[in-house]
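Undergrad: Once you've had a glance at the structure underneath, I'll fire off some questions.
None of the figures in this text is laboratory data; all of them are computed from the coordinates on show. Values in this document were obtained by computation on a predicted structure and should not be read as measured data. Neighbour counts are summed over all protein chains in view; Cβ atoms, including those assigned to glycine, are modelled from backbone coordinates with ideal geometry.
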Amino acid sequence: MEKRMIREKSCGALVYRKKQDKVELLLIKHRNGGHWSFPKGHVESGENEYQTALREIKEETGLDVNLRDGFRQSVEYFPKPHVKKQVVYFLGYPGGDDTVKRQEEEISEYQWCLLDDADGMVTFRNDKNLINEAKRFLAKDREH
């Protein structure tokens, strides 16, 4: 008997801030797996992608962020046999205070690092690619 593919969907964002004309990216270290990545989580019933991303960022970091128009990246991978996961990432910045209050149950550490150094800290190739997309987007658009 053939197993059916289970599909999962999560949403999150690359969260950045400007400090002394430098762009810093927020990285979080997940307790589950111990990898450095970005805030994200599963879509709940009735939520759209934006709502999920905003909720998960708030839950994991305590930050209220503004998501940028025009940046939406989708990554797919297989975390387990017969499970296909899609993660949709946006790009956002704190709307006010950028003090992180991490969700201790899920996040063991966090760090604001220079955007140019971030790809050396993240664990997965997909995340390195997302950082490069964010660099391209921000280089073209200096709005925030």
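Undergrad: So what is the relative contact order for region 48-144, in percent, with contacts set as C-alpha pairs under 8 Å and at least six apart?
TA: Worked out over region 48-144, it gives 25 percent.
Undergrad: DSSP loop chymotrypsin sites (Phe, Trp or Tyr not before Pro) in region 66-144 with at most 16 other Cβ atoms within 10 Å of their Cβ, which ones?
TA: Numbers: sites: 71, 77, 89, 90, 110, 112, 124, 137; in loops: 124.
Of the chymotrypsin sites (Phe, Trp or Tyr not before Pro), the ones in loops of region 66-144 whose Cβ has at most 16 other Cβ atoms within 10 Å are 124.
Undergrad: Okay, next question. Using DSSP to call loops (not H, G, I, E or B), can you name the GluC sites (Glu not before Pro) in region 3-80 whose Cβ has at most 15 other Cβ atoms within 10 angstrom? Please report the intermediate quantities before stating the final value.
TA: Values: sites: 8, 24, 44, 47, 49, 56, 59, 60, 76; in loops: 44, 47.
Sparse-neighbourhood loop GluC sites (Glu not before Pro): 44, 47.
Undergrad: Calculate how steeply helix 125-140 sits against the longest principal axis of the alpha-carbon atoms of the chain, using the helix alpha-carbon long axis, and give the answer as 0 to 90 degrees to the nearest 10.
TA: Value to nearest ten degrees: 40.
Undergrad: Taking the Cα centre of the chain as the origin and placing charges on Cβ (Lys, Arg +1; Asp, Glu -1), which of 45, 5, 100 is farthest toward the positive end of the dipole?
TA: Value: 5.
Undergrad: Along each of the three principal axes of the Cα atoms of region 6-140, give the extent in whole Å, ordering the values from largest to smallest.
TA: The Cα atoms of region 6-140 stretch 46, 30, 26 Å along the principal axes, largest first.
Undergrad: Give me the number: length gained by fully extending residue 113 to residue 132, i.e. 0.36 nm times residue separation minus the C-alpha to C-alpha distance, one decimal in nm.
TA: Length difference between fully extended and current span is 5.4 nm.
Undergrad: Would you mind telling me the antiparallel percentage of the DSSP bridges in region 1-134, rounded to 5?
TA: Approximately 70 percent, going by the DSSP bridge assignments.
Undergrad: To continue, here is another question. Rounded to the nearest 0.05, what FRET efficiency do residue 123 and residue 69 give with R0 = 30 Å and r taken as the Cβ-Cβ distance? Could you check? If you can, show how the numbers build up before the last one.
TA: Values: r = 29 Å, r/R0 = 0.96.
Once the sixth-power term is evaluated, E becomes 0.55.
Undergrad: At 222 nm, what helix-only mean residue ellipticity would the chain give, in deg cm²/dmol to the nearest 500, using -39500 (n - 2.57) for each DSSP H run of four or more?
TA: On the way: 3 runs with 33 residues, N = 144.
Rounded to the nearest 500, it is -7000 deg cm²/dmol.
Undergrad: Taking the Cα atoms only, what angle lies between the long axis of helix 49-61 and the longest principal axis of the chain, rounded to 10 degrees?
TA: 70
Undergrad: Quick one: length gained pulling residue 104 to residue 7 fully straight, 0.36 nm per residue minus the C-alpha distance?
TA: 32.2 nm
Undergrad: For region 26-81, what number results from the quotient of the Cα radius of gyration and 2.2 N^0.38 Å?
TA: Here the answer is 1.22, to two decimals.
Undergrad: On full extension of the chain, what length is gained from residue 44 through residue 78, given 0.36 nm per residue of separation minus the C-alpha to C-alpha distance?
TA: Details: separation 34, 0.36 × 34 = 12.24 nm, distance 2.03 nm.
Full extension of this stretch gives 10.2 nm more.
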